[in-house]
Structures are given as C-alpha cells and as structure tokens.
There are 2 protein chains.
Amino acid sequence: MEISEIVNQMHEEGIESLLIFKPENITYLSGYWPTSTSILLLKDDPVLLVPKLDLKEAEEISALEVDELRSLPKLKKTLPVHLGVEPSLDIATYKKIGEEFKIQVTDLVERSRIIKSEGEVHNIQKAIEIAEKSFLEVEMRGSEDEAAARLEYIMRLNGSSKPAFNTIMASGRRSSFPHASTSPENIESPLVIDWGAVYNHYASDTSRTLVETEKEEEIFDIVLEAQEKAIKNIKPGVKASYIDKVARDIITDYGYGESFLHSTGHGVGLEVHEMPSLSSKEDKKLEAGMVITVEPGIYVEGEFGVRVEDMVLVGKRSRVLNNIDSRLSF
Amino acid sequence: MEISEIVNQMHEEGIESLLIFKPENITYLSGYWPTSTSILLLKDDPVLLVPKLDLKEAEEISALEVDELRSLPKLKKTLPVHLGVEPSLDIATYKKIGEEFKIQVTDLVERSRIIKSEGEVHNIQKAIEIAEKSFLEVEMRGSEDEAAARLEYIMRLNGSSKPAFNTIMASGRRSSFPHASTSPENIESPLVIDWGAVYNHYASDTSRTLVETEKEEEIFDIVLEAQEKAIKNIKPGVKASYIDKVARDIITDYGYGESFLHSTGHGVGLEVHEMPSLSSKEDKKLEAGMVITVEPGIYVEGEFGVRVEDMVLVGKRSRVLNNIDSRLSF
C-alpha cells in the first residue's frame, strides 16, 4: 500500500503520529532494515530515526527522510497527543512513553502488508526459487544436522541472506513433532523438510516429506489430497477459515483429524508468519494479492509425521508459487 | 540462579505468579526452547504451558512440569490477582490480560541470568570454541557473502545450531558502517568480521579486523590498546561504565573519540545482547560470573572501520574466553 494511503487511514483512526518500532514494518515503509533499535515516525512527513552508528548506512538505503534518534524523553517533546503504537510494542517502552499521551494500539501497518504489491510478490517468488533450486542440489543423507547445514549453505550461495527460520529436517520418529528442528541422528524415513530462503528481506516457506513404507505412503496420500483440495478452493472472497475446513474435513474423514495438530496455513511476506491465518478462528476473507501457505499435516503419535506445504498467491486465478513436485523420493 | 531463589525474590516483589513468554527466559528456567507461543507460569509449583502440537516434544525436554496451553481467557481464570509480566511482553497481550489483575512489570528473570553458572559458562565457552575453530578454517577470499556463507556453514558442521546473529563480513568502505552485514562485493582491506555460534542455546560474539595499509594498522593499534586496557580493568566491583570510559579515553586521546560510535560491550548468554551494558549510562557494577564483550571500534567516516571484540568472564581473576590472536592477517 502507498505510504500516503496508510497515513490517511491512520488519521481516520484518530492518530496524529504512529511510532513504528517493528523492523518488518520499518522495512516495509522505508526499505531500510534496522540493525539497532530505530523508530519510524509515521505522519504527513514521515521520518526514520536511527542511532548515530547507523546514520550513514540508513541514509544510503532509506526511501524516507532519516534523522538521528536521540533519547525517548527528547523525542516525546516533539510528539502530538494522539499517538499510535504497534501491537508488538514491548510493555517497558510503552510505559516509558507515559500518560501525557492518548495512546492507541493499531495493527494498521500489519494490515497494510497483507496485500502484496508486484514488487513484493517478485521478492517472494525469488526467495522460493532460491529455496527450491538449493533443495534440489542437496543430497538427503548423513545426519539431519549435516543435511540442514548443506541446504542452508547452498541457499546462502544461491542468494538467500539467511534461512527464513530454523530449518526443520526431522526424520523417523522425530517427524512426529511438527516443530522438531534437526538432530545429530542419521536421516531415516520418513523425512520432513521445512525450509525457507530470504530475498530482499522477503521469506519463503515450503515443506516436503520423503516417504518409504506403505503406511507412510498412505498418510502422504491423505495429506496431499487435503492440500490439493484446499488449494483448489482458494479465491478472493472465500473465508480463510473455510480453506482450513476443507483440508481438515478430508483428514478427519480418513480418521486422522486428531493428528492434524496445527492450522492449515498463514500469510508470508517480510515475516514468515503474518496475516491472515488459515485457521478455524480466522474471520478474514481471502483477497487478491495475499500470499499464503497451505500446509496440512498428519502426526501419528510416537511413529512419524507427514506435511506438504506450498505457497499460493491469491487471485481470480490463484497461483501456486512453488514449482518442485509435491511427491519426491530419497 | 536456582528456580526456588527466583520464586522467593518474586514473592518479595509482591508477585504471586509470573507469566513468562520470552523464549530465552523459558529456556533458562525449563531447558526447553519454545518453537510456538508458550507460557511458563512461574510460581511455587511452576508449569510450562505449550500448544498441543509441541506437547510431546516439550515433555521430553522440559525440566519443569508441562501442560497444554489453552486460550488466554481460560488461563486467566486460574491466575492470582498479583501477577508479574516481563518488560518484553507485547502490548497486545498485556491488554488482553485485563484490568482485573494487579500487573507488575519485572525484569527479575533477566536479572537472574546476568551471573552465569558453571554450566552456562561451559556452553558459552563451547560456542566460542566452535566459532574460532570455524573461523580459522575459512579462507577470507571471494565475495563477502560467500565468505560469510562458508563461515556459517562450517560453524554449523562444527556443532553450532545457527549463527548467533547475522554475520558481519564488511570490507573496504563498508567496514565504516558498524552494523553492515555482508555484500556481493569482493573482499578488500580492511575486513571486519563479527560472528558467533550457538551451542545449547548459548551464543558467542567475537570480532576481528584484518588490515593491510599503514593507516589501517595505525587505527588497529589504537583500538587494540583501548581493548587491552579495558580488559585489564575488568574485575568484580568495578562499574561497567568505567570499562567504557577506559576504552573511550584512549581512543579520544588519539583524536578518534567521535569515531567510536557505540558502547564498549554487553553481556552475552542466551541472548547475544543482554545485561549489563558497558556504556557510559550503565549503573551496574561488574560481578563475578558475568560474561561480557569488550569491543571498542573506530569508524573513519567514508573510509573504513576497525573493531576488535573478545568475551571476558568476570572474576577475581577475570579471564578472556577467546583464544585466537587479536592480530591476524589475510
């Protein structure tokens, strides 16, 4: 969204100036990723305030005016009474701002970030390309730690600034933990890989599961069916919670409803997890320009887990942004 | 610090139960690193609350009792009136807790973490060993991106779970930005490398600068003199701000006071930056068992920068935990 539109909406919410601390929100509005505590003061003439040590670097990169961040007490003297802050602001800083202000908490910038511009979709697509290309270059052998290290290294060489999150490389019984990361144990079957690259600060998030036994294949087929049906239903105007229901109903029909331990997906952009959530509790409807994951999973307690995750750009003709096959072998 | 001591201090502060969200604080108290939003309810019989999808994994790892985290409204019904929260708690969650509680913000757990146990020092020492061993295996050639990728990869293979922070590999003019990360440009002189490993969730944080020209050598000598004098003054009872003054005075005497753009150091542990700060504003005194960085730097605007950073364990006989030479060449 254009910054002037966001400022207009801010004024409509009765906020004169919005204090922005969250690095992703600062990057969204200015193009500069803060490496120390910085504040973007959003108002008619927005200004990015950074500590002296980052001043030169920020001036080279920021699309907005940059000034030196002095102490909060000094800054407060320049602020209007009707002040906005982000939901993520820490309580210590919030209390320091003080009671002389009428402070309103708003997720205005996070909401603005839900619909991706062409440039943002390009960055996400590039992150996915790097992640997939790298994935195909890695042999899934040795320990989980080693394979994850190789994958992250190759992503870095292929242009990812860092892993989008701690790579999950969880095999055998460890695959039954949806959030297992990696272990020094040797890779066995099945193997869940959940990984992402970062390009121009935008993330990708994909999962694949390599299976071997008949039982693993059987669970895999159910998960893939749930994922494919869910993806088919993605279009503007549909409730995000409905996509979760489509996937969950299929898995439940096969008797594994209790083993689908998480929601079906989430938005991805500057953050790996952002709005909307594809969960039963989400009120939001899908809109053209959202980028979301679709990632049903079945985790058979004490045995193993399977998850398949792709990223989808919502549109009149929604488009899966991933290119690698869902069904891959060791 | 023992958990029972922390609970006693909490009661002394008039808090019946402390809601802990911060992953590092949860790890400190339970040994479990939460991968989804989790709450450690600190009280006489502490309990770690995690979402259903992480339940099995948390039960295997946590030293404290584990239970399923249900919704905040349900949890609230079980909470006492005198409730504590952390300074880092986000304002959205804080507001959801609601006005029926007497909420006190306390950094009790962060304060408990300042003095490291033997086990914690061991983890930090291991992280440093991994980081240094890996550093010596990397040839500093090619682009900054590539060299950083190799360093991070080798750290991972040597047992680091991830880079402790975005590796800084900044050469030539880019070294004049204290927080430059890496670029696709080829490495030139001087080269500032600021890197760290993570072992058992504990971080290391070290910097070296490789120099070539006479001017670079001259600046290097000043920075190293400042660092060595600062380290010599580290002992229990000395103000943290005094260590900053020692380093800053030397750099100022040589005429570069304005080019020393940051504070002299900070605590390191589960977080890369934690208490105390070695800055002019810090009131705290050094105590035995603290682990701090000492990292003066000079950043000649538009030209280049030099920083040397080691980690020191404060004690009657303070000990530099790093082993690699301060003066290294390409």
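Rule-based calculations on the coordinates, nothing more; no lab input. In this text, all values refer to a predicted model and were calculated from it rather than measured experimentally. Backbone-built Cβ (ideal geometry, glycine too); neighbour counts: all protein chains shown.
What to note about this one:
- Inter-copy label distances at B:GLU218 (7 Å, Cα→Cβ; nm, one decimal): 7.8
- Each Lys and Arg adds +1 at its Cβ and each Asp and Glu adds -1 at its Cβ; summed about the Cα centre, the protein assembly as shown shows a dipole of about 1080 debye.
- Cα-based radius of gyration for region B:160-212, normalised by 2.2 N^0.38 Å, reads 1.19.
- Expressed to the nearest 5 percent, the antiparallel share of DSSP beta bridges inside chain A is 75 percent.
- FRET efficiency for B:SER189 and B:ASP283, using Cβ-Cβ distance with R0 set to 56 Å, rounded to 0.05: 0.90
- Candidate aspartates and glutamates - alpha carbon under 15 Å from A:LYS22, same-chain residues fewer than 8 apart omitted: A:GLU86, A:ASP90, A:ASP107, A:GLU110, A:GLU271, A:GLU274, B:ASP90
- Given charges at Cβ of Lys, Arg, Asp, Glu: region B:78-219 dipole, positive-most of B:ALA180, B:ILE91, B:VAL81: B:VAL81
- Rounded FRET efficiency, nearest 0.05, which uses the C-beta distance separating B:GLU139 from A:LEU328 and R0 of 30 Å: 0.30
- Lys, Arg +1 and Asp, Glu -1 on Cβ, resulting dipole of region B:135-276 about Cα centre, debye, nearest 20: 580 debye
- A simple charge model with +1 on the Cβ of Lys and Arg, -1 on the Cβ of Asp and Glu and nothing else charged puts the dipole of region B:1-105 at about 600 debye relative to its Cα centre.
- Pairs beyond 23 Å (Cα-Cα), from A:LYS285/B:LYS52; B:LYS74/B:LYS96; B:LYS116/B:LYS316; B:LYS77/B:LYS102; A:LYS162/B:LYS52: A:LYS285/B:LYS52; A:LYS162/B:LYS52
- Along each principal axis, taking the top coordinate minus the bottom one, the Cα set of chain A gives 68, 40, 35 Å in descending order.
- Counting Lys and Arg as +1 and Asp and Glu as -1 over every other residue whose Cβ lies under 11 Å from the Cβ of A:SER181, the net charge comes to -2.
- Pseudo-label separations to other copies for B:LEU75 - Cα-to-Cβ vector, 7 Å, nm: 2.8
- Contact order for region A:118-320, expressed relative to its length and based on alpha carbon pairs under 8 Å spaced 6+ residues apart, stands at 21 percent.
- DSSP beta bridges in the protein assembly as shown [antiparallel fraction, %, rounded to 5]: 75 percent
- Hull-based mean projected area of the protein assembly as shown, where the convex hull spans the alpha carbons, in square nanometres: 28.0 nm²
- Alpha carbon centroid spacing (whole Å) that separates region B:19-45 from region A:213-229: 35 Å
- Beta bridge orientation in region A:3-112: antiparallel %, DSSP, nearest 5: 35 percent
- Relative contact order of region A:132-232, pairs being alpha-carbon contacts under 8 Å that are 6 or more residues apart, as %: 23 percent
- Given charges at Cβ of Lys, Arg, Asp, Glu: the protein assembly as shown dipole, positive-most of B:SER171, A:VAL272, A:VAL7: A:VAL7
- Region B:62-147, relative contact order [Cα under 8 Å, separation at least 6], %: 21 percent
- Calculated log₁₀ intensity ratio I(q)/I(0) where the Debye formula runs over C-alpha points of region A:127-184, q = 0.17, 0.19, 0.23 Å⁻¹: -0.53, -0.65, -0.90
- Placing unit charges on each Cβ (+1 for Lys and Arg, -1 for Asp and Glu) gives region B:118-320 a dipole about its Cα centre, and among B:VAL121, B:GLY159, B:ALA230 the Cα reaching farthest toward its positive end belongs to B:VAL121.
- Rg/Rh ratio calculated on Cα atoms of region B:1-154 (Kirkwood radius): 1.09
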